[in-house]
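This report concerns only the one structure given below.
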Amino acid sequence: MLSDLTTGFIGRLRARDPQAWFELWETFGPILRSQLAKWGKGRIGVETVQDLSQETLAALADAIDRHDPDKGARFSTWLLAIAKHSLYGEFDRRMAQKRGAGRANVELNDELHGGEAAPDAPYEQAVFHAKVEAALRLVERESDFVDFSVYRLRVLDGRSGREVAESLGISEPTVSRRLARVRDAVRVRLLEVMIKYSFSDDEAREAERNGLQTNPNKADDALFDEAVAEIYHRQQVLRATDRAAAESP
Amino acid sequence: MSGAGGLLVFLVSVAAGLLALVLLGFLLWKLLKGLIWLIAAVARGIGWFVRHIFAFVAGIIGDSLRLCGHVLTAMAFVPAIALNILLNRWSAANHYGSALEAELMGGVNCIYRLAIGHVAKLLLLTPVVEGLERRLPDVVARAPGPDRPSGGANTFEGWKVTGSLAGGGSGGKLWLAEPLPEKRRELLGAGRPCPDKVVIKSFSLEEGSTLPQIVRENRALSAARDLGLVLEHELTAARFHYVMPFVPGDDLGTVTARLHAKSGPAGLDDEPLRAALGYTSDLLATLDRFHRAGLWHKDVKPSNILVSDGRVQLVDLGLITPLASAMTLTTHGTEYFRDPEMVKLALKGVKVHEVDGVKFDVYGAGAVLYSMVENSFPVHGSLSQISRRCPEALRWIVRRAMADMANRYGSAREMLADLRVVQSADDPFRVRPAELPSLAGAPDPAAAPAAAAAAPAVAGAAAPVAAGTHANESSRLAAGAPRRRWGRGVSFGVGRLAKGVMLAFAVMLLLPVAFAWFFVFSAPGAGPGARVGSAARPFVYEMPDAAAVESAPPPRPVREGVESLQPVSLDHRPPGSSPVLHTAPPPAGLVLLLDDLSAAADETLLAWRAGLQDDLRAAHFALLGCGDPQDDATLAVTGFTADMEIALLAGARATVGLSDPSDDEAVGRLLEWLEAQDERLDAVVWLGRSDPGQPVRTRVVARKAELASSVARAME
């Protein structure tokens, strides 16, 4: 069953709310590009990958109206199916150009249930990491700059509390307080993001399975920070790959 | 005894035998293990080799097939192109031509992989050719086009085209040109600089430019012209072009790559880091100038920044937008150097004047700084990690520049203030973020000029500056929002109370002084033109309103906000330091008036300037550069010719560039320029202002301190 958050978000997508589309693009664009580049290696260039990743989102606009939550597809699978559909569309177009024929339409749900778009583990991980990154970005935007700087230095850059305190000219207890404030915000936002981009209960519980307890006790703070930092760094690698692809011909 | 001895021998023999067996077993085991490992390794090696060969063969087959596909597809496009050309359908022919080009490029890539890529991979030489397929097309793509436009070298009147440059993404062609003698005379005669080389950006519908591109560039042109970045422009039925000074040098991306090549993989060494800080500092000063002129560059990125003689120039004027524009915001810009928030706002359909364009340029500057530190662009936006060697305070500056809108620097000048702290430190790595002005709670340096520009006495020409740059901050403060004071939240209670008490105490002390000042200077005897400065600021004049200027008979009308900056002279300039104030008494001499006020001078300002000239002449100074008949007498006395005078003026203008007299670096350049001129020229009086709404500033630059002092006194 979809949560209100997910339903609301889908509603915004259906209403063609540019902000919602931008949010989706900003969060999952790099994954789509990476996946499309992987599939189309040697057959499509970087610019085509970028065009296709945009087309994927455009295709989402059509697919979202036909989305049937009862079929139980995961959000990640849904996204992947549409990306693959866009890629196939591109190949169809190329073939059609050669043959002078038209392009066959592929139904999203046919793709889903034909099993052609079965996502692999790295893809699932990438989608999950993108969700964590989206939560971090939200928190960064709404936090006090110094608060988030403390969090960035302490958690994402792995500095000690003392180093952070010296660097910013504040006391160590203040560092701890500010850190706790941002960490709490990350937990809240993470929960929201996970729910928003999840079509199944299993998907929504992904955070906890990956060491991100959204309702933890004090002892879990260090583990939570560690997990966020690890995901952040992995996401950096993915973005770097995306960049390298963008730079290659 | 012999029995016991025998037994002992027997036992020892058995033990030795057992030990030998164990050792033998151990050795055999090790040998066997080694053998198994060896066999496994050989098997793995064979497997790897087979896979390697298979990958090679598969790659060759795959690319051969792809090559066939590209060739066949390309052949299919040829008749389509020919047919469309015959039917005079140029757009369609162009479309099929692009498709053909893409197919051919795909084919070339296949050939490259077949001939070099796969072979190198097979021979384990991949690192030798790594990136070659990217670098070569990149260089080819950036190569300039033909050296002459279709109309020949003299297509642009007054200019001789000598070559071309690779164009950017704006659809225009860039030509290198030199001024013909008549053009040089024309420009110098108008008192404008005439560089030896210029770049002509030309748009022609026949050469592939589109109407929207031309409209956009034309809109940006008026802004660029206001900044003095464009020498001339022309719009005809066939073509639109404009002329800019040529800036030799490499783009910042290339320079950054060189700095990193010099430093190594860990990041920039001290010297390259200093260079990067200098470039950023220049960039921010330029952006600040754009913003104060009410303009938003909108495409700040390394490839739009040229490094020439250690200084940077911001080029590509194609997207320059007035901050107060009523146009709808577009998503134009370059990914990774454009704030994603701008895209979001553009999707919402907001107008340009409804957003704070200054902050988007600041984001671009932060991304440029990031790219210099990391040698790559910030793919992660504001969350991008800085993994290479970088001072902590610089990391802070990058992050603050790329932070969310509400947390970002309010102006380029505010960012520059932070950067200069790092730049001026003996060891930038010892500067803590806590020591940066923005974190220490210093007010935004851009706020003061904004307030001045917003004052009612200031001419309306400055309105876009104040409105565009600072309206958001002002409205935020007006709405009761607290001024952002980074890092002060901790000691909010007691600290704020103590400050309040101190402030109240200071106000109580200052009030009587302020009243005394008011009564003394508003007394009838004081009148317009009275000096209102103190000993510390001796060159501040008061300007009456326009009506008062007409009726009052002052020795010289004075203008509110005119600020005489510290005069500088060559003999008081310590090597490598900022200019200093002179104090000694003076003789008379020959003075060049470098007047940057003419373009937008009002009557009161002209009257003030005429008075200034009269005062200088009354003090027995001969003036050059005033453009009036008295100059002829001066020329006769000094032996300078009119051409020499024009050349002097043009040289001085070119030296100070777009700066105003408050720019110490420009003053330094002017001093050096003066030193290199004919020794008969004793001083330069520079009149200017950063933009039409800002206070007029004067600066005396002289060879001798005595003379500088004398000129400054005469100007009082």
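The values are calculated or read from the model by the stated rules, or taken from the named source; none is laboratory data. These figures come from a predicted structure and were not determined experimentally. Cβ sites come from the backbone with ideal geometry, for glycine too, and all protein chains shown count toward neighbours.
Here is a yes/no grid of residues against (1) away from chain A (no Cβ under 13 Å); (2) more than 21 Å from residue B:314 (Cα to Cα); (3) not hydroxyl-bearing (Ser, Thr, Tyr):
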| site | (1), (2), (3) |
| --- | --- |
| B:346 | no, yes, yes |
| B:352 | yes, yes, yes |
| B:407 | no, yes, yes |
| B:413 | yes, no, yes |
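Taking the listed residues B:370, B:363, the one that is away from chain A (no Cβ under 13 Å) and crowded, with 22+ Cβ neighbours inside 10 Å is B:363, with no other qualifying. All told, residue B:61 falls short of being away from chain A (no Cβ under 14 Å) and modelled with pLDDT under 95. Residue A:184 fulfils the conditions (1) closer than 20 Å to residue B:396 by Cα; (2) surrounded by fewer than 20 Cβ atoms within 10 Å (Cβ to Cβ); (3) not aromatic (Phe, Trp, Tyr) except for a single criterion, (1). Looking at region A:138-149, can you tell me whether even one residue there is within 11 Å of chain B (Cβ to nearest Cβ), in contact (Cβ under 8 Å) with a residue 60 or more places away in the chain, under 30 Å from residue A:200 (Cα atoms) and not aliphatic (A, V, I, L, M)? Looking for residues that are within 11 Å of chain B (Cβ to nearest Cβ), in contact (Cβ under 8 Å) with a residue 60 or more places away in the chain, under 30 Å from residue A:200 (Cα atoms) and not aliphatic (A, V, I, L, M), one finds none in region A:138-149, hence no.
For (1) of a type in the set (A, V, I, L, M, F, W, C); (2) surrounded by fewer than 17 Cβ atoms within 10 Å (Cβ to Cβ), each residue gets a yes or a no:
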site	(1), (2)
B:87	yes, yes
B:90	yes, yes
B:94	no, yes
B:100	yes, no
B:104	yes, yes
B:109	no, no
B:112	no, no
B:115	yes, yes
B:120	yes, no
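When region A:197-249 is filtered for residues that are more than 14 Å from chain B (Cβ to nearest Cβ), part of a helix (DSSP H, G or I) and modelled with pLDDT of 80 or more, the ones remaining, listed by number, are A:221, A:222, A:223, A:224, A:225, A:226, A:227. Whether a residue is part of a helix (DSSP H, G or I) and either without any contact (Cβ under 8 Å) to a residue 12 or more places away in the chain or farther than 25 Å from residue B:114 by Cα (or both) was assessed, and residue B:15 passes this test.
The residue pairs whose first member lies in region B:654-674 and is at positive phi and part of a helix (DSSP H, G or I), whose second member is modelled with pLDDT of 80 or more and among the aliphatic types (A, V, I, L, M), and whose beta carbons are closer than 9 Å, counting only pairs six or more residues apart or on different chains, do not exist in this structure.
Taking the numbered list (1) within 14 Å of chain A (Cβ to nearest Cβ); (2) touching a residue at least 40 places away in the same chain (Cβ under 8 Å); (3) not aliphatic (A, V, I, L, M) in turn, residue B:69 passes all entries but (2). Within region B:323-338, the set of residues being buried (at least 22 other Cβ atoms within 10 Å of the Cβ) and in contact (Cβ under 8 Å) with a residue 60 or more places away in the chain comprises B:323 only. Annotation for region B:324-331: at least one member residue is closer than 18 Å to residue B:291 by Cβ, touching a Pro at 6+ places or on another chain (Cβ under 6 Å) and either away from every other protein chain (no Cβ under 13 Å) or assigned to a loop (DSSP other than H, G, I, E, B) (or both). Selection within region B:373-393: residues that are among the aliphatic types (A, V, I, L, M) and within 14 Å of chain A (Cβ to nearest Cβ). The member of this set that is nearest to residue B:436 (Cα to Cα) is B:393. Restricting attention to region A:151-163 and to residues that are closer than 22 Å to residue B:437 by Cα and within 10 Å of chain B (Cβ to nearest Cβ), the residue that is surrounded by the fewest Cβ atoms within 10 Å (Cβ to Cβ) turns out to be A:163. Tally the residues that are over 22 Å from residue B:339 (Cβ atoms) and assigned to a loop (DSSP other than H, G, I, E, B), restricting the search to region A:120-170. Number of matching residues: 7. Being in a helix (DSSP H, G or I), under 17 Å from the mean Cα position of the chain (by Cα) and surrounded by 16 or more Cβ atoms within 10 Å (Cβ to Cβ) is true of residue B:273.
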